[in-house]
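The values are calculated or read from the model by the stated rules, or taken from the named source; none is laboratory data. Remember, it's a predicted structure, so these values are computed and weren't measured experimentally. Every residue, glycine as well, gets a Cβ built from its backbone with ideal geometry; the counts of neighbours run over all protein chains shown. Ligands, DNA and RNA are stripped out before the accessible areas are found, and what is left, the full protein with its side chains, is counted by its heavy atoms. Shrake-Rupley method; radii C 1.70, N 1.55, O 1.52, S 1.80 Å.
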Amino acid sequence: MNVNTAHRFIKSPHFAVVGASTDRSKYGNRVLRWYQDFGLPVTPVNHKEKQVENLASIASIDELENPTETALSIITPPKVTLQVLKRAKELGISKLWLQPGAEDKAVLDFARDAGLDIIAGGPCILVSGPSLLTQRAQL
């Protein structure tokens, strides 16, 4: 993981979890709760649910109030991730953390060719996030 990319990500004023889930055993829910546990402003993105963990959910990243100021944690199958990355590029979203399992070769190739500065290939924000938050306070 590129440390500068991670620092830019964690310094974002707002976060969104694409693939947020109402199932507390799934990573889409665990990552969302991680943001909540640390008091970070977060929006769940789930096209089926109106609410996730007592937060109003949006159906897609097109509904973000300030997309260019939002960092995305993406927890979706690679085919969905690829579409999210394409739309994120169009919206000017530059801070993207693909949680393990959200990427494949096509996703990584697109990100490289599109010039996206992503975090991919692990580790999960649940693992690296706490130390990044400590660093965030010092940045």
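Observations
- Residues within region 113-132 that are at pLDDT below 90, assigned to a helix (DSSP H, G or I) and farther than 17 Å from residue 30 by Cα, tallied: 2
- Selection status of residue 91, within 19 Å of residue 10 (Cβ to Cβ), out of contact with any His (no Cβ under 7 Å at 6 or more places or on another chain) and surrounded by 13 or more Cβ atoms within 10 Å (Cβ to Cβ): no
- Test: residue in region 22-31 that is in contact with an Asp or Glu (Cβ under 8 Å, 6 or more places away or on another chain) and within 21 Å of residue 77 (Cβ to Cβ): yes
- For region 17-67, taking the residues that are of a type in the set (S, T, N, Q) and part of a strand (DSSP E or B), the one that is surrounded by the fewest Cβ atoms within 10 Å (Cβ to Cβ) is identified as 51.
- Conditions (1) open to solvent by 60 Å² or more (accessible area, probe 1.4 Å); (2) small (Gly, Ala, Ser); (3) at negative phi; number of the one not met by residue 121: (3)
- Number of residues in region 96-105 that are at pLDDT 95 or above and either in a strand (DSSP E or B) or open to solvent by less than 50 Å² (accessible area, probe 1.4 Å) (or both): the value is 5.
Residue-by-condition table, conditions (1) more than 17 Å from residue 126 (Cβ to Cβ); (2) of a type in the set (Asp, Glu):
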position: 30; (1), (2): no, no
position: 34; (1), (2): no, no
position: 37; (1), (2): no, yes
position: 42; (1), (2): no, no
position: 46; (1), (2): yes, no
position: 49; (1), (2): yes, yes
position: 69; (1), (2): yes, yes
position: 98; (1), (2): no, no
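Conditions (1) buried (at least 23 other Cβ atoms within 10 Å of the Cβ); (2) part of a helix (DSSP H, G or I); (3) at positive phi, marked per residue:
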position: 73; (1), (2), (3): yes, no, no
position: 81; (1), (2), (3): yes, yes, no
position: 85; (1), (2), (3): yes, yes, no
position: 108; (1), (2), (3): no, yes, no
position: 111; (1), (2), (3): no, yes, no
